[in-house]
Amino acid sequence: MFVGRERELAILERCYEKPEFQMVVMYGRRRVGKTTLLSIFAKDKPTLFFTAQEQSDRDNLKDLARQVVECFGLPDGIAFESWDAAFGFLAERAAASPFLFVFDEFPYAAEANPSLPSKLQIAIDHKFKGTAMCLVLCGSNQGFMEGDVLGKKSPLHGRRTMQMKIEPFGYRDAARMLGNVSHDDAFRYYACIGGVPYYLAQVDPSLGFDENIRELFFSPDGFLFGEPPMLLRQELREPSLYNSILRAIAHGATRQSKIADTAGLERGHLTRYLRVLMDLGIVERIVPFGENAEKSKKGIYRLKDACYAFWYRFVAPVLADIEAGAGDLAFRFVTPETLGEYLGHGFEGVCLEWLLDEALADRLPITATTVGTWWGTDSKTRMQTDVDVLAASRTSKIAVIGECKYRNSFNETEAAESVLGKAHLLPGFSVEGYYLFSKSPVSAKTAKRFGNVRFITLSDLYEG
């Protein structure tokens with residue numbers, strides 16, 4: 001089922017409609033839906049859709065020739081001795097009648113023939129630019145696409161007319177992928193599986209949440225049981241080392257020193273490995289709001305990808321048990337208490353997404369330009385505290401702040417008073433809105449008593 005991606009499709013359409021040559025560079029992690037997006041975009045257009053494979057240069061050229069025959073309705077027997085010949089042929093066809101040329105998994109072809117980027121650059125400069133062809137270079141190897149296609153040292157640098165990094169779905173589009181599930185189940189799936197469309201498509205609608213998670217993660221045959229380590233093996237040269245880093249972060253090591261100690265690494269080498277994981281979108285580094293992201297020493301690391309976060313938190317510790325056929329027993333490790341704590345962090349992430357959407361739609365009481373979180377020492381109590389979520393304008397020095405409570409029950413009065421008492425934690429900012437996000441509605445009494453707090457439920461997050 002194809003959902004979402006309206007913005008990406010609109011951007012691609014605008015590029016395609018331009019009367020001169022266009023080169024779109026599209027990239028993103030595996031399984032995120034790049035090829036499906038391009039297939040939807042191409043369905044009503046004259047399109048040469050070629051997907052390179054991990055094979056010899058000669059075989060890729062043979063496959064391209066077969067696609068050319070099929071695309072243009074030509075007789076069999078066409079062959080290309082080189083990429084120069086192939087690009088020359090396509091330029092002639094585009095000059096006669098423009099078409100869309102999707103070159104999917106471009107990094108595979110370039111790996112087989114390292115001179116391919118240079119050959120394509122020459123073809124663009126001397127042949128394609130005289131046509132109205134729309135060329136889309138697509139790849140899952142994000143490092144290659146950013147360095148060897150978009151990078152300053154790449155022969156293709158400066159040739160792209162549009163670049164597009166395809167990200168996993170946000171929580172609302174993820175829910176659309178899941179169909180008719182409750183808001184709570186939609187959130188729990190999102191917190192455990194994430195927003196990768198291919199992963200969400202593995203959810204069996206005939207099963208409940210627990211059954212799906214057990215089948216996907218806690219069975220040796222489950223699709224997501226081997227997915228994170230397999231992708232690490234495909235993307236990285238030292239997967240075992242990265243495994244240790246990810247497991248350390250998943251179990252609470254958030255600062256470089258602690259991560260290095262827990263993973264058994266030299267601290268001086270860790271920065272490079274963390275940078276690779278951040279480039280892959282698996283790990284992120286965050287700093288308290290107001291801090292300089294580059295210079296702050298208060299930055300912490302956390303798993304950005306929900307599937308990796310869940311896998312390394314709950315699956316990795318019982319891997320041997322699952323492989324031995326005791327997956328049902330291992331699943332008991334995922335207790336309501338441990339899962340509840342995990343989901344609480346995920347709930348904060350969804351609330352941040354909601355704040356960003358509200359800011360973009362100009363539905364907040366302020367004009368916000370950024371969202372984030374804050375932690376540090378309370379100047380009044382001299383104790384450590386935090387602001388779960390906030391939206392602010394650094395230029396206008398105004399903000400809204402929020403508290404997040406993903407629990408079946410909590411002290412509503414205490415929570416409302418807590419968020420109201422945190423305005424002073426953002427010195428120099430005027431707090432002009434307070435939010436309390438909760439799994440279920442607060443009582444009418446609490447809502448009436450704290451009229452200056454906006455109460456947002458999990459259902460509001462999905463329906464608003």
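Observations
- Per-region count, segment 126-171, residues acidic (D, E) and free of Cβ contacts under 8 Å to residues at least 24 places away in the same chain: 0
- So V431, is it surrounded by 20 or more Cβ atoms within 10 Å (Cβ to Cβ), assigned to a strand (DSSP E or B) and within 32 Å of the chain's Cα centre (by Cα): yes
- Test: residue in segment 191-201 that is over 24 Å from G464 (Cα atoms) and open to solvent by 40 Å² or more (accessible area, probe 1.4 Å): yes
- Unmet criterion (only one of (1) free of Cβ contacts under 8 Å to residues at least 12 places away in the same chain; (2) under 21 Å from the mean Cα position of the chain (by Cα); (3) outside any loop (DSSP other than H, G, I, E, B)) for A293: (3)
- Number of residues in segment 366-412 that are assigned to a strand (DSSP E or B), of a type in the set (A, V, I, L, M) and without any contact (Cβ under 8 Å) to a residue 24 or more places away in the chain equals 1.
- Of the residues D328, D321, the single one that is over 30 Å from V431 (Cα atoms), open to solvent by 10 Å² or more (accessible area, probe 1.4 Å) and either touching a residue at least 40 places away in the same chain (Cβ under 8 Å) or part of a strand (DSSP E or B) (or both) is D328.
- Within segment 230-242, considering residues that are of a type outside the set (F, W, Y) and free of Cβ contacts under 8 Å to residues at least 40 places away in the same chain, the one surrounded by the most Cβ atoms within 10 Å (Cβ to Cβ): L232
- Number of the condition not met by D221 [criteria: (1) open to solvent by less than 40 Å² (accessible area, probe 1.4 Å); (2) not in a helix (DSSP H, G or I); (3) not small (G, A, S)]: (1)
- Counted residues, segment 331-344 - those being surrounded by fewer than 18 Cβ atoms within 10 Å (Cβ to Cβ) and without any contact (Cβ under 8 Å) to a residue 40 or more places away in the chain: 7
- Condition check for L352: within 21 Å of K405 (Cβ to Cβ), open to solvent by 20 Å² or more (accessible area, probe 1.4 Å) and either assigned to a helix (DSSP H, G or I) or touching a helix residue (DSSP H, G or I) at 6+ places or on another chain (Cβ under 8 Å) (or both): yes
- Of all the residues in segment 400-412, those that are of a type in the set (G, A, S) and open to solvent by 70 Å² or more (accessible area, probe 1.4 Å) number 1.
- Checklist (1) over 21 Å from I286 (Cα atoms); (2) more than 29 Å from the chain's Cα centre (by Cα); (3) not in a strand (DSSP E or B) applied to R363, failing item: (2)
- Which numbered condition E284 fails, given (1) modelled with pLDDT of 95 or more; (2) part of a loop (DSSP other than H, G, I, E, B): (2)
- Among the residues of segment 377-399, the ones that are at pLDDT 95 or above, of a type in the set (G, A, S) and surrounded by fewer than 20 Cβ atoms within 10 Å (Cβ to Cβ) come to 2 in all.
- Residues of segment 23-49 satisfying the condition of being outside any helix (DSSP H, G or I) and closer than 30 Å to M278 by Cα: M23, V24, V25, M26, Y27, G28, R29, R30, R31, V32, G33
- Count of residues meeting criterion [of a type in the set (S, T, N, Q) and part of a helix (DSSP H, G or I)] in segment 203-218: 1
- Search result, residues across segment 1-15 that are within 10 Å of F41 (Cβ to Cβ) and under 16 Å from the mean Cα position of the chain (by Cα): R5, E8
- If the condition is being closer than 27 Å to L232 by Cβ and surrounded by 23 or more Cβ atoms within 10 Å (Cβ to Cβ), then segment 117-141 contributes L137, C138, G139, S140.
- For segment 6-44, taking the residues that are touching a helix residue (DSSP H, G or I) at 6+ places or on another chain (Cβ under 7 Å) and among the basic types (K, R), the one that is least open to solvent (accessible area, probe 1.4 Å) is identified as R29.
- Within segment 70-114, tally of residues that are without any contact (Cβ under 8 Å) to a residue 12 or more places away in the chain and either touching a Gly at 6+ places or on another chain (Cβ under 6 Å) or of a type in the set (G, A, S) (or both): 4
The values are calculated or read from the model by the stated rules, or taken from the named source; none is laboratory data. As the structure is a prediction and not an experimental result, all values here were calculated from the model. Cβ: placed from backbone, ideal geometry, glycine included. Neighbour counts: every protein chain shown. Remember, those area values only see protein heavy atoms, side chains included, never the ligands or the DNA or RNA. Shrake-Rupley method; radii C 1.70, N 1.55, O 1.52, S 1.80 Å.
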